[in-house]
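Working notes for the structure below.
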Amino acid sequence: MKPEAVEALAARIPDGARVALPPDNSLPSLALAKALIRKGARGLRLIGVPVSGLATDMLIGAGCVVEVETSAVSLGEAGFAPRFSAALKEGRITVRDATCPAMHTMLQAAEKGVPFMPLRGLIGSDILRNRPDWKVIDNPFAGHDGDPIVLLPALQPDFALFHAVLADREGNVWVGRRRECATLAHASRHALVTVERLHPGNLLEDERLAPGTINATYITALAVAERGAHPVALLDEYGADNGHVAAYARAARTAEGFQAWLAEHVLAPEAVA
Amino acid sequence: MTDATIRPEERLAAVLARLILDPAAPPARHIAVGAASPIPAAACWLVKKAGHPVRLSLLHKRSGNPFTEGTRELFDLTGQGRIDLFFLGGGQIDGQANINLIGTGEWPGMGVRFPGSFGSAFMYMMTPRTILFREEHSTRVLVPRVEHVSAPGVSAPGVFRRGTAQALVTGKGVFRFDPARARFTLDSVHAGEDAASLRDATGFDYDAPEPVPLTPEPTPEELALLRGPVCDEMLETYPEFCARVFNRRQAA
């Protein structure tokens, strides 16, 4: 698999696509999110796996998003996600609230190719009340009536986007212990992955790296983007740039501040990788 | 360098640690701590550094993260009943121990939007005990009835759940929760507060003993552990918290 440019990966994502993103502790591709903003993506329906972070807030602020399905949107220690909150209040996005294990379970159903999977909990939560696509049945294996349990439909995103440390020339991708990216890649129609660097050998031939590797069969396209998670941390490669995130959070409190931040950090020619 | 001033965060960590070790509660062999929870994390480390055998799974630990099957592993463990204790907060918490992480106004939080429910709708029901924790103690947080239920404090008969709130800890005091009556009882007030100040700051009705005990202050041993080995463990995950509370910065 020949690595492409980050902008070429973004160009594969049509307006209106359902795009799944991991949050800030779990290999988000900020490089690809910025490329989507530069391309002027519109109508995206984002999926938080299982919650959403900085990339989601930026995409919403840039007007790329019409819907977010997620269990929370947060900038961690930097606080609430300001562009998400503003867009919700102004009615520019639809928010479909979920809860973390439900997001995982729906993706696992897609991974297995089954139409639904059950999950405990949730009954009595207003999340369930606001999700007509989630159903409650009586546990058919209980041996008695009156053991209600929730069924969740399979969730197959059009695209999974994430940033890994390594890819090899076959297109295998190493995510280490962040196996939620593997589940996500398995469940999605396409996985578009940015990586820090190329691995010289075949990742699947290495007994120690293979368990943290996603097989190339699930990967649609790759790009090399050094520091592609920045300002978010990436495993043991680099830590979070907390000052950068805090500066974003301050700037993004207003639409004008966000636009200025975007101009400097995303749209300026020197911001392009 | 001994700083005699007890910071509120240190007091709260010590309060939470005592609740974790409460012999009347189900055993806490394996505790998980979720996102953006530096004070509960400090409490757990305090329990561990004091020599109690407990397994801690900190979801946001970057190096040495406990989960190797992805972020779903916490929920799979909890689904099986292998996580004994979890912490939850709320933008609103009511007198029946319902929590609201969605927001105010029309669904989904058209007034003030909170971040969202995270795993609460599952964890609260599948964990044998939950400690509710929120530093802000005010009538806007502690309300008669939450505007939206992210996770319910009690469930209808027949609905599977392993436990509910053991206690609610705030910046002003500690409440115990009785699920049979779906009602809180004030357990103690922190230094500087009294029965009347708690009643004024709480939007829901609750029971209270007469007189209301004062929350014990952290011991010098607890403070030394918090400022030393506990802070060491927390620097990577909570750098801003460690800088603010313990005046310690991570080496570059």
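Can you spot a residue in the range A:240-250 that is open to solvent by 10 Å² or more (accessible area, probe 1.4 Å), assigned to a loop (DSSP other than H, G, I, E, B) and within 14 Å of another protein chain (Cβ to nearest Cβ)?
Within the range A:240-250, one or more residues are open to solvent by 10 Å² or more (accessible area, probe 1.4 Å), assigned to a loop (DSSP other than H, G, I, E, B) and within 14 Å of another protein chain (Cβ to nearest Cβ).
So which of A:Phe162, A:Phe258 ends up being within 14 Å of chain B (Cβ to nearest Cβ) and among the aromatic types (Phe, Trp, Tyr)? Explain how you work it out, then say what you get.
Values: A:Phe258 fails: within 14 Å of chain B (Cβ to nearest Cβ).
Answer to the check: A:Phe162.
Scan the range B:224-252 for residues that are open to solvent by 40 Å² or more (accessible area, probe 1.4 Å), of a type outside the set (S, T, N, Q) and not in a helix (DSSP H, G or I) and jot them down.
Scanning the range B:224-252 gives B:Glu236, B:Arg248, B:Arg249, B:Ala251, B:Ala252.
Assuming A:Arg177 fulfils every condition listed in (1) touching a Gly at 6+ places or on another chain (Cβ under 8 Å); (2) open to solvent by less than 40 Å² (accessible area, probe 1.4 Å); (3) more than 16 Å from A:Glu111 (Cα to Cα) apart from one, which condition is it?
Tallying (1) touching a Gly at 6+ places or on another chain (Cβ under 8 Å); (2) open to solvent by less than 40 Å² (accessible area, probe 1.4 Å); (3) more than 16 Å from A:Glu111 (Cα to Cα), A:Arg177 fails exactly one: (2).
If I ask for residues that are open to solvent by 60 Å² or more (accessible area, probe 1.4 Å) and either within 21 Å of the chain's Cα centre (by Cα) or on the phi > 0 side of the Ramachandran plot (or both), which ones from the range B:200-212 would you list? First the steps, then the outcome.
Just the residues of the range B:200-212 that are open to solvent by 60 Å² or more (accessible area, probe 1.4 Å), to begin with: B:200, B:205, B:210-211.
Hit for the range B:200-212 is B:Asp205, nothing else.
For a quick check of your reading: which strands (runs of 3 or more DSSP E) sit entirely within the range A:38-128 and have at least 2 residues that are of a type outside the set (A, V, I, L, M, F, W, C) and either within 29 Å of A:Ala263 (Cβ to Cβ) or within 11 Å of chain B (Cβ to nearest Cβ) (or both)? If you could, list the steps in order and put the result at the bottom.
On the way: elements: A:44-48, A:65-70, A:94-97, A:116-119.
Ranges flagged: A:44-48, A:65-70, A:94-97.
Within the range B:82-95, does at least one residue satisfy the condition of being facing another protein chain (nearest Cβ under 8 Å) and more than 30 Å from A:Leu88 (Cβ to Cβ)?
So in the range B:82-95, the residues facing another protein chain (nearest Cβ under 8 Å) come out as none.
No, the range B:82-95 contains no residue that is facing another protein chain (nearest Cβ under 8 Å) and more than 30 Å from A:Leu88 (Cβ to Cβ).
Restricting attention to the range A:251-273, and to residues there that are among the β-branched types (Val, Ile, Thr) and not in a helix (DSSP H, G or I), which single residue is surrounded by the fewest Cβ atoms within 10 Å (Cβ to Cβ)?
Here is the first cut: in the range A:251-273, the residues among the β-branched types (Val, Ile, Thr) are A:254, A:266, A:272.
Applying the additional criterion that residues be not in a helix (DSSP H, G or I) yields A:254, A:272.
Values: A:Thr254: 12, A:Val272: 14.
So, considering only residues that are among the β-branched types (Val, Ile, Thr) and not in a helix (DSSP H, G or I), the one surrounded by the fewest Cβ atoms within 10 Å (Cβ to Cβ) is A:Thr254.
Which members of the range B:36-63 meet the condition of being of a type in the set (A, V, I, L, M), on the phi < 0 side of the Ramachandran plot and open to solvent by 40 Å² or more (accessible area, probe 1.4 Å)?
At the first step, the residues of the range B:36-63 found to be of a type in the set (A, V, I, L, M) are B:36, B:39, B:41-43, B:46-47, B:50, B:54, B:56, B:58-59.
Going one step further and asking which of them are on the phi < 0 side of the Ramachandran plot, we end up with B:39, B:41-43, B:46-47, B:50, B:54, B:56, B:58-59.
Passing the criteria: only B:Ala50.
Among the listed residues B:Pro128, B:Pro66, B:Pro108, identify the single one that is surrounded by fewer than 23 Cβ atoms within 10 Å (Cβ to Cβ) and at pLDDT below 95.
B:Pro66
If A:Leu152 passes every condition in (1) within 11 Å of chain B (Cβ to nearest Cβ); (2) open to solvent by less than 10 Å² (accessible area, probe 1.4 Å); (3) not in a helix (DSSP H, G or I) but one, which one does it miss?
(1)
Of the conditions (1) more than 30 Å from A:Pro50 (Cβ to Cβ); (2) at pLDDT below 95, B:Val33 clears all except one; give me its number.
Of (1) more than 30 Å from A:Pro50 (Cβ to Cβ); (2) at pLDDT below 95, only one is false for B:Val33: (1).
Which one is nearest to the other protein chains (Cβ to nearest Cβ), of the residues in the range A:209-239 that are farther than 13 Å from A:Leu166 by Cβ and open to solvent by 50 Å² or more (accessible area, probe 1.4 Å)?
Here the answer is A:Pro211.
Anything in the range B:162-196 that is surrounded by 15 or more Cβ atoms within 10 Å (Cβ to Cβ) and among the small types (Gly, Ala, Ser)? List them, or say none.
Of everything in the range B:162-196, those that are surrounded by 15 or more Cβ atoms within 10 Å (Cβ to Cβ) and among the small types (Gly, Ala, Ser) turn out to be B:Gly163, B:Ala165, B:Ala167, B:Gly171, B:Gly173, B:Ala182, B:Ser188, B:Ala195.
Among the residues of the range B:73-86, are any closer than 30 Å to B:Val112 by Cβ, open to solvent by 10 Å² or more (accessible area, probe 1.4 Å) and in contact with a strand residue (DSSP E or B) (Cβ under 6 Å, 6 or more places away or on another chain)? Lay out the reasoning, then the answer.
Of the residues in the range B:73-86, the ones closer than 30 Å to B:Val112 by Cβ are B:74-75, B:78, B:85-86.
Imposing the further condition that a residue be open to solvent by 10 Å² or more (accessible area, probe 1.4 Å) reduces the set to B:75, B:86.
This time we only want the ones that are in contact with a strand residue (DSSP E or B) (Cβ under 6 Å, 6 or more places away or on another chain), so: B:86.
Yes, the range B:73-86 contains at least one residue that is closer than 30 Å to B:Val112 by Cβ, open to solvent by 10 Å² or more (accessible area, probe 1.4 Å) and in contact with a strand residue (DSSP E or B) (Cβ under 6 Å, 6 or more places away or on another chain).
The values are calculated or read from the model by the stated rules, or taken from the named source; none is laboratory data. As the structure is a prediction and not an experimental result, all values here were calculated from the model. Every residue, glycine among them, receives a Cβ derived from its backbone with ideal geometry; neighbour counts consider all protein chains shown. Just so you know, the surface numbers come from the protein's heavy atoms only, side chains and all, with ligands and any DNA or RNA stripped out. Shrake-Rupley method; radii C 1.70, N 1.55, O 1.52, S 1.80 Å.
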